[in-house]
Amino acid sequence: TAFQVDFATNHKPNHEVRAMLREFFENYEGTLIFHNAGYDVKILIKELFMKDIYDTDGLLHGLEVMTSRLHDTQILAYLATNSAAKPPLNLKYLAHEFAGNYAQDDIKDIRKIGENNLLKYNLIDCLATWFVFDKFHQQVIDENLYDLYTGLMLDTLRLLIQTEITGLPISAEYVQKAKEELEAIAINSFD
């Protein structure tokens, strides 16, 4: 299914729908499947779980909720098709045999796409993601890459999502210590 979140409110936050989405994600016991979860999950955490960019508690809660049972079809496709030829990993390419060319001309600004066309596009995107999951999931298992996928790849994804939202954590104490050491090196190099 596809449904409106903010589109119907002139692209302003629809707090009622967002609250229902958050509740759904917090209570859903199934597995979430994304294509490029690094983008989608980051946006969902920022919009549904964080009050502002400094809301670390909301970030960590959202990160736990959104990544505890997750698949990323882009990573699955990367592992299944990994070769020197570097095949494209975008969803439209990977699902073309299933969905054809359903791309919108100007998807970078959803306000330029009519509401019904946007809902149709989003639904096809979801179905295409499911298709790509079915296409590559078993292959990754059969090629003994599943431990790599569920371990290193998904663990790294979680770390990258957190880092992209808040940046790298920096200790002010160590920054000051490094500054002092570098200044001492610079002064001594001129002696």
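The values are calculated or read from the model by the stated rules, or taken from the named source; none is laboratory data. Quick caveat, the model's predicted, so the values are computed rather than measured. Methodologically, a virtual Cβ is constructed for each residue, glycine included, from the backbone with ideal geometry; neighbour enumeration extends over all protein chains shown. Accessible surface is based on the protein model in full, side chains and every heavy atom, while ligands, DNA and RNA are left aside. Shrake-Rupley method; radii C 1.70, N 1.55, O 1.52, S 1.80 Å.
Take the alpha carbon gyration tensor of the range 1-104, find the square roots of its eigenvalues, order them as a ≥ b ≥ c, and report rounded if a/c is under 1.5; if not, report prolate when a/b exceeds b/c, else oblate. It is prolate, given that a/c is not under 1.5 and a/b is the larger ratio.
Probing with 1.4 Å while keeping every protein chain in the model, the per residue accessible area of the chain equals 67 Å².
For residue 69, neighbours were defined as the other residues whose beta-carbon sits under 13 Å from its Cβ, and their charges (Lys and Arg +1, Asp and Glu -1) total -3.
Ranking 69, 18, 111 by solvent-accessible area of protein heavy atoms (1.4 Å probe, all protein chains present), from largest to smallest, gives 111, 69, 18. Could you please report the charge total around residue 2, scoring K, R as +1 and D, E as -1 over all other residues with beta-carbon less than 10 angstrom from its beta-carbon? Within the 10 Å Cβ shell, the charges total 0. List the relative contact order of the range 73-156 as a percent without decimals, with contacts defined as Cα pairs under 8 Å and 6+ residues apart. It rounds to 42 percent for the range 73-156.
Sequence-distant contacts, meaning Cα pairs under 8 Å at least 6 residues apart, place the relative contact order of the chain at 25 percent. With a/c under 1.5 counting as rounded, go ahead and sort the range 79-181 into rounded, prolate or oblate using the C-alpha gyration tensor (a ≥ b ≥ c being the square roots of the eigenvalues; past the cut-off, prolate if a/b is larger than b/c, else oblate). Oblate is the answer for the range 79-181, as a/c is 1.5 or above yet b/c matches or exceeds a/b.
State whether the range 62-113 is rounded, prolate or oblate according to the following rule on the C-alpha gyration tensor (a ≥ b ≥ c being the square roots of its eigenvalues): a/c under 1.5 gives rounded; otherwise a/b larger than b/c gives prolate, and the remaining case gives oblate. Write out the running numbers ahead of the final one.
Details: a/c = 2.30, a/b = 1.09, b/c = 2.12.
Here the range 62-113 falls in the oblate category.
Take residue 12: with every protein chain present and a 1.4 Å probe, its accessible area is about 130 Å². Straight-line cross-link reach from residue 179 at under 16 Å between alpha-carbon atoms covers no aspartates and glutamates, not counting any fewer than eight positions away in the same chain. For Kirkwood radius over Cα pairs in Å, the value computed from the atomic coordinates appears in the list (i) 17.2; (ii) 16.1; (iii) 19.4 under label (iii).
Rolling a 1.4 angstrom probe over the chain with all protein chains present gives an accessible area of which 54% lies on carbon and sulfur atoms. Adding -39500 (n - 2.57) for every DSSP H run of four residues or longer, then dividing by how many residues the chain holds, sets the calculated 222 nm ellipticity at -18500 deg cm²/dmol.
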